[in-house]
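See below for the structure under consideration.
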Amino acid sequence: MEVPASRSKGDSYQRPLLIALGITSVVMIAEFVGGLLANSLALLSDAGHMLADCLALLLSTVAFWFSSRPPTNRNTFGFYRLEIFAAQINGGVLVFLSLFIFYEAYHRLLHPEPVKSLLMMGIAGVGLLANMASALVLHTGSRKNLNVKAAFLHIVGDLLSSVGVIIGGIVIYLTGWFIVDAILSLMIGLVILKGAYGVVKETAAVLLGAVPKHIDLAKLIKEVEAIKGIESFHDVHVWTITSGLYALSGHVQIQDQRVSESAQIMEGVNEYLTQHYHIGHTTLQLECEACKPDRVCSLVTRPSPKNTP
């Protein structure tokens with residue numbers, strides 16, 4: 001089985017996650033202490049948000065470590081799917097956090113509380129810079145890996161929270177309208193919920209064995225059938241094992257011919273699928289017109305030339 005580029009760059013994914021974990025942990029402590037000093041529920045909520053993000057980043061890092069373990073007799077594909085499970089859990093946490101933000105914002109709309117806006121803005125500003133650094137570290141990996149994408153969305157949620165706290169602090173300082181903080185929290189929650197929905201939907205598709213979104217199955221079948229020597233391509237299944245690792249199985253009907261000749265056709269199919277669809281693992285079953293349910297296929301029973309009388 002060919003190992004895709006995303007598998008060979010596991011360390012390049014783990015390192016950014018560890019960097020982001022360190023930055024987020026420091027900012028989380030700073031916002032928690034600052035929230036207590038400033039009597040800011042927004043900062044305390046954001047610190048809680050970052051605590052969940054730290055757990056998510058830690059979970060993602062551990063998932064990468066497990067996924068790098070070699071296959072076993074019981075887990076023949078290795079532990080790649082742990083990355084998908086981690087991304088699914090992270091997406092679920094994002095949904096929960098968005099709902100928690102809605103809940104807190106509702107109470108702040110009903111009972112606004114005064115805060116020390118200058119201290120609130122200062123700490124949120126530090127958090128914003130730290131979150132921007134973490135987002136930059138994870139941005140590249142988030143385009144190629146669902147696990148990193150989920151972690152990246154956590155950081156983006158923190159970044160938006162910091163922006164909202166800063167804006168809210170400015171407005172509160174100038175006008176004394178404490179309700180602005182609640183309104184901004186609702187907006188942040190909506191953005192986080194949208195990102196969480198995307199992660200949960202994408203990881204659910206992987207776990208359900210859906211065709212990867214970049215593959216048009218009908219088009220793939222027609223293109224394979226156009227390869228010389230292939231009569232039809234049917235009973236085709238394409239699925240994602242983990243980010244960047246795709247598998248395919250199918251039945252290939254060819255003319256009744258020698259196995260040595262059919263091997264060239266199979267090589268052509270595999271090469272085409274790898275080059276055009278990045279499918280690195282295929283399981284293809286040969287069929288021919290002479291195959292019947294109650295008989296063994298002539299591709300197997302036909303004698304080799306040197307054994308022919």
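Every number in this text was worked out from the coordinates using simple rules, so none of it is lab data. Since this is a predicted model, take the numbers as computed values, not measurements. Here Cβ is always computed from backbone atoms with ideal geometry, including for glycine, and neighbour counts include all displayed protein chains.
What to note about this one:
- Enumeration of residues in the stretch 181-199 that are of a type in the set (Val, Ile, Thr) and surrounded by fewer than 19 Cβ atoms within 10 Å (Cβ to Cβ): 183, 191
- The condition of being aliphatic (A, V, I, L, M), farther than 25 Å from residue 132 by Cβ, touching a residue at least 24 places away in the same chain (Cβ under 8 Å) and in a helix (DSSP H, G or I) holds for only one of 84, 101, that being 84.
- Residues of the stretch 237-258 satisfying the condition of being out of contact with any Phe, Trp or Tyr (no Cβ under 8 Å at 6 or more places or on another chain), over 20 Å from residue 207 (Cβ atoms) and free of Cβ contacts under 8 Å to residues at least 40 places away in the same chain: 254, 255
- Of the residues examined, residue 156 is one that is under 29 Å from residue 84 (Cα atoms), aliphatic (A, V, I, L, M) and without any contact (Cβ under 8 Å) to a residue 60 or more places away in the chain.
- Residue check: residue 106 meets all listed conditions (1) surrounded by fewer than 20 Cβ atoms within 10 Å (Cβ to Cβ); (2) in contact with a Gly (Cβ under 8 Å, 6 or more places away or on another chain); (3) hydroxyl-bearing (Ser, Thr, Tyr) but one, namely (2).
- Residues satisfying the stated conditions in the stretch 33-55, i.e. aliphatic (A, V, I, L, M) and more than 24 Å from residue 91 (Cα to Cα): 33, 36, 37, 38, 41
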